[in-house]
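To keep things clear, I will list the structure first and then write my remarks on it.
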Amino acid sequence: MDLLNFILLFIIAVLIFFLLKKEKVLGINTEEKNNNEKIKIIENKEYRGSIYDLLNYIPEGVIVVDKSKKILFSNNSATNWFQIKLNENLSGFLRNPDLLNSIDKAFNGENLSDFEIEIRTQSVSRLNITIYLDKRDLFFDETTCVLFIRDLTEFYKFQQLKSDFVANVSHELRTPLQSIKMGLETFEKNSELKDNSEVKNFLPVMISQSERMENLIRDLLSLSKIELQEHIRPTHEIDLIELLEFVIKTYEKIIKKDNINIVLNKTDNFKIIGDRDKLIEIFTNLIDNSIKYSDKNKTITISTKKEGETNVVSVEDQGIGIPKELIHRITERFFTVDPSKSRSVGGTGLGLAIVKHLVSQHRAEMDINSVKNEGTSITIKFNAL
């Protein structure tokens, strides 16, 4: 029995020795551990305080919310915009389903791109919002969502003002232009005036220029409407093959007259989500340009193919082409590679600008390749249905 007690005491003594030795080697003792935790807490507070001070100088709004959407922090910009009070729920003043659903998705680990929402209070505001999920506890000792908010209201007001101005001026020009055009057509039908050499020389020029101005006004009105609706995504199911066949059919008389051949390479099950009228406008502009800037007896090839999750349409001609150094400017308003050629065929310089905005509205991508005097290929990649 004494032997057993001695062995037990010996084991306890050894354990105590190793425990004390471990504390000595690793520097573990209760007092030092508590001090380290206090230092860490103080450092975190100072670090986070510096971040909050920095965010208060940012002109964009910054809001930090927890999983229940309770507001834990808002910088000065966000507080002034929305009259925020800490610990209130975000849904109390930003009642937007897209925003609230996006926050839930972020907490569930989904990667989100920035998006725009419209807030209607006493006035209408348009906001661009980027959501960042803070998994590293940079702001608080828990996982939070950080909302970076940009106010785009003034930008959209300016866009609206610009579009309204263009639309109003273009609309007002239509009436006097129609009167001028009718007068010129009357002169053209008058046999006595047609025999006059001066009238005979100038009348065709005046008529062609009045038609060009009419086209210009039409394109300006179309572009102003497109700009206002560019943020609205189309929602209809469209069969692109059927639509391309419809557009090609509208050019039957013109291509027969100039002996131009249009070849359509079809692909089965070639559907996208889009707006039929606007897609018609895209391909009408592209085919129209190919016809205008191609000589007679040439071929225009419209190719369709699938590339992964995209449906790709290419319109390739054998026309005058575009110099390599000018390709990046071809979608600018009123820009033309050859102004004299553009005037002679009735071009306005707005066709590809319209196409660019309509492609953007469909969340598609456009690529332009061209070789001078050999031809141009314009490729559009749509998200497949």
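The values are calculated or read from the model by the stated rules, or taken from the named source; none is laboratory data. Just so you know, these numbers come straight off a predicted model, no measurement behind them. Positions of Cβ are generated from backbone atoms using ideal geometry, with glycine treated the same way; all protein chains shown enter the neighbour counts. Side chains are part of the model used for accessible areas, which takes the heavy atoms of the whole protein and leaves out ligands, DNA and RNA. Shrake-Rupley method; radii C 1.70, N 1.55, O 1.52, S 1.80 Å.
Tell me, please, whether a residue that is assigned to a helix (DSSP H, G or I), open to solvent by 60 Å² or more (accessible area, probe 1.4 Å) and farther than 29 Å from Phe382 by Cα can be found in region 213-223. The answer is yes, given that some residue of region 213-223 is assigned to a helix (DSSP H, G or I), open to solvent by 60 Å² or more (accessible area, probe 1.4 Å) and farther than 29 Å from Phe382 by Cα. Can you go through Leu127, Leu177, Leu203 and tell me which one is of a type outside the set (Lys, Arg), open to solvent by less than 60 Å² (accessible area, probe 1.4 Å) and closer than 30 Å to Lys70 by Cα? Result of the check over Leu127, Leu177, Leu203: Leu127.
Here the condition is being of a type outside the set (A, V, I, L, M, F, W, C), open to solvent by 40 Å² or more (accessible area, probe 1.4 Å), in contact with a Leu (Cβ under 9 Å, 6 or more places away or on another chain) and not in a strand (DSSP E or B); of Ser113, Ser102, Ser68, Ser91, it holds for Ser91 alone. Within region 277-302, residues that are under 20 Å from Ile238 (Cβ atoms) and basic (Lys, Arg) reach partners that are open to solvent by less than 10 Å² (accessible area, probe 1.4 Å) and not in a loop (DSSP other than H, G, I, E, B) with beta carbons closer than 6 Å, at six or more positions or on different chains, in the pairs Lys278/Leu358. When region 117-143 is filtered for residues that are at pLDDT 80 or above and under 19 Å from Glu60 (Cα atoms), the ones remaining, listed by number, are Arg126, Leu127, Asn128, Ile129, Thr130, Ile131, Tyr132, Leu133, Asp134. Filtering Leu358, Leu326 for residues that are farther than 30 Å from Met206 by Cβ, touching a helix residue (DSSP H, G or I) at 6+ places or on another chain (Cβ under 7 Å) and at pLDDT 85 or above leaves a single hit, Leu358. Candidates in region 280-290 are the residues that are surrounded by 19 or more Cβ atoms within 10 Å (Cβ to Cβ) and farther than 13 Å from Lys356 by Cα; of these, the one that is modelled with the highest pLDDT is Ile287. For region 249-279, the set of residues classified as open to solvent by 30 Å² or more (accessible area, probe 1.4 Å), closer than 27 Å to Glu307 by Cβ and aliphatic (A, V, I, L, M) consists of Val263, Leu264, Ile273, listed by residue number.
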